[in-house]
1. On the given criteria, is Lys130 assigned to a helix (DSSP H, G or I), at pLDDT 80 or above and surrounded by 10 or more Cβ atoms within 10 Å (Cβ to Cβ)?
2. Which of the residues that make up region 292-311 are under 30 Å from the mean Cα position of the chain (by Cα) and open to solvent by 40 Å² or more (accessible area, probe 1.4 Å)?
3. Considering (1) open to solvent by less than 70 Å² (accessible area, probe 1.4 Å); (2) assigned to a helix (DSSP H, G or I), say which one Thr125 fails and leave the rest.
4. Tally the residues that are of a type in the set (Phe, Trp, Tyr) and either farther than 19 Å from Leu229 by Cβ or in contact with a Ser or Thr (Cβ under 7 Å, 6 or more places away or on another chain) (or both), restricting the search to region 79-110.
5. I'm checking my understanding of the structure. Among residues of region 90-122 that are open to solvent by 70 Å² or more (accessible area, probe 1.4 Å) and modelled with pLDDT under 80, which one is nearest to Thr185 (Cα to Cα)?
6. Regarding region 314-325, can at least one residue be identified that is under 25 Å from Val204 (Cα atoms), aromatic (Phe, Trp, Tyr) and open to solvent by 30 Å² or more (accessible area, probe 1.4 Å)?
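The values are calculated or read from the model by the stated rules, or taken from the named source; none is laboratory data. This is a predicted model, so every value here is computed, not measured. A quick note on method: Cβ atoms are made from the backbone with ideal geometry, for glycine too, and the neighbour counts reach across all protein chains shown. When the accessible area is computed, the model is the full protein with side chains, heavy atoms only, and any ligands, DNA or RNA have been set aside. Shrake-Rupley method; radii C 1.70, N 1.55, O 1.52, S 1.80 Å.
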Amino acid sequence: MVSKKLEDTQPISTNSSEESAEINTTASTLSDTQSFRVKPKRWKSIFFGLLLIILFSIGGGSIGYFSGIQERISQENQEVITQAALHFQYGIQALDTGNYELARIQFEYVLQIYPDFPNIKEKYTEVMVKLASTSLPDEQVIEPTQTVDTRGAEALFNQALQAIQTLQWPLAIQTLEALRTEDYTYRTIEVDGMYYTALRHRAVELIVNEGNLEEGLYFLALLEKYAPLDHDAVNYAVWARLYLTGSSFWDIDWSQVVNYFGQLAAAFPYMHDGTGWTATDRYLKGSEYYGDFLAGEGKHCEALQQYQNVLNYSALEHIQEKFNQSHLICYPPTAVPQPTETESPDPTPTEESTEEPTEEPAEEPTATSTP
């Protein structure tokens, strides 16, 4: 029985060994095939990796570029929002005080630069309703409608227009104010524009030509309530404030005088006030007085720069003397060392030096015979 079982199982083991051989052969074949297929996949992964690196690099540069553009746009939008908020507040103040026409101008400016500003459309509607209600006639008074005589307003309008064309700014301002008194509703948009133009040029004229800096600054401050100032008007306002600030330190702090008028002398050297002193005049005189003050304090080296400020413009003799004095004290002359006597070897004897001087014998007095 045992041998029979062994005989029965023997073919099974043989078959199993053959099957295992076949499995091993198949596995080796698969492994060879797999190893053969790995290389293309590896090249594909390397290729796609390089492609992704390039794409990420391009994407990173693009992100930085568009980020810079976005930041600049954001900054510009912030400036627009700031201006819109400022003029919105101007409009609210005018609305609260009952100046509906000025409020309308401010709100229209906000709508122009930033239509999506919060509550601007509601406030603009409110001010337009106010203007419409104030222009309605009183219902309790029933009077026949009359044609408004605008010949006086029209004449004033033409006179103001002529004054603007001939650059007569004070006359233009007076005429426009008279026109508003005559008929406040007459061609309001054109009158407001003419008034703004005349007031702006009159302010510059006061600052530049007449030296009336305070009144010129007052007119510019009025203009800012209507619309932002242009670039030139802003510069004139800044220079006028520099002049007035520097003048406030006169005879008080010469260092501040030199500081403010030094800036103004470089930007607008001929700006002056009612005294006729230009910015350059005050800068030079302030430098001289500041130099004298420093020299009096014993700070001659610092005083040199102040005197040099004046000499850079003009070679004044008395300033040159002050400069020389401070320079002599700041940079005193150094003592010249005197040569010291040192023992030197005897010179080479020469023929003249070796010869001893010969002394001639003194003549003996001769005896004289006496008679």
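1. Spelling it out, it is not the case that Lys130 is assigned to a helix (DSSP H, G or I), at pLDDT 80 or above and surrounded by 10 or more Cβ atoms within 10 Å (Cβ to Cβ).
2. Scanning region 292-311 gives Glu302, Gln305, Gln308.
3. (1)
4. 2
5. For region 90-122, the residue satisfying everything is Thr97.
6. no
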